[in-house]
Amino acid sequence: MNRSVKVAGVLLLALSAGACGRTDVRPIEQPTFTTPTTPATAKYVAVPTCEQIEQKVPGLPKLRSGNENPSPFVDMYTGCEFQKIPDYPRIGLAISVWRDEPGKDKARERFDDSTDPADDGPADVGVGERAKWQNAKDNDSCSLIILDANAVLMLDHKPSDKLNPKSEECRGRLKELARTFYAVVQPS
């Protein structure tokens, strides 16, 4: 094939392409990304000790035992038991916290896994994202679990009198304690 035929073919192709549409070419716009450069921080970055909780919550029975050692499955943990020995009432509080933004997913997973499937619905406590009553560990105490951001609070109340775990006498006191404990563990 000779050179003039090739040039004629290229010119014909260019002219036909130009005739089919617009000849002005716009530059491609560069996309802008809005991903934050700093990672989101978790709501809870620390938890108080049992002694700090005891100091901030008046009227609790004496601190009987406390554990502030996280397990391999949780980043921060405080577990407290307050009890008038040798009698009752006994009040238990456990706070599990997972750091960073994925901690919210881990907290939700713990809440869902720890929620007793035989419970009787959401608890109207007024704190946290979600709260549910739990089946009692025994026949005369009431239990509650609260999800809040990257934390899970578990509360247990065994009153001095043997009460029905689903009674307002048992749950009413635990609701009050839940609101008080929730306020105490809030980040400052």
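The values are calculated or read from the model by the stated rules, or taken from the named source; none is laboratory data. In this text the structure is predicted, and so the values were computed from the model without any measurement. As a convention, Cβ positions derive from the backbone with ideal geometry for all residues, glycine included, and neighbour counts pool all protein chains shown.
Couple of notes before you dig in:
- Just so you know, in the range 139-184 the residues that are hydroxyl-bearing (Ser, Thr, Tyr) and surrounded by 16 or more Cβ atoms within 10 Å (Cβ to Cβ) include one that is nearest to Val127 (Cα to Cα), and it is Tyr182.
- Asp140 being over 17 Å from Arg90 (Cα atoms) and outside any strand (DSSP E or B): no
- Residue check for Lys132: assigned to a strand (DSSP E or B), under 26 Å from Met76 (Cβ atoms) and basic (Lys, Arg): yes
- Meets criteria (touching a Leu at 6+ places or on another chain (Cβ under 8 Å), of a type outside the set (S, T, N, Q) and farther than 16 Å from Ile53 by Cα) for Ala131: yes
- Residue within the range 88-107 that is closer than 17 Å to Phe181 by Cβ, of a type in the set (D, E, K, R), at pLDDT 85 or above and loosely packed, with under 11 Cβ neighbours inside 10 Å present: no
- Residue within the range 69-83 that is buried (at least 17 other Cβ atoms within 10 Å of the Cβ), modelled with pLDDT under 95 and assigned to a loop (DSSP other than H, G, I, E, B) present: yes
- Within the range 128-184, the residues that satisfy the criterion of being farther than 21 Å from Lys84 by Cβ, modelled with pLDDT of 90 or more and out of contact with any helix residue (DSSP H, G or I) (no Cβ under 9 Å at 6 or more places or on another chain) are Arg179, Tyr182.
- Filter result for Ala107 (part of a strand (DSSP E or B) and touching a residue at least 40 places away in the same chain (Cβ under 8 Å)): no
- Selection count, the range 85-129, where residues are of a type in the set (Lys, Arg) and out of contact with any strand residue (DSSP E or B) (no Cβ under 8 Å at 6 or more places or on another chain): 2
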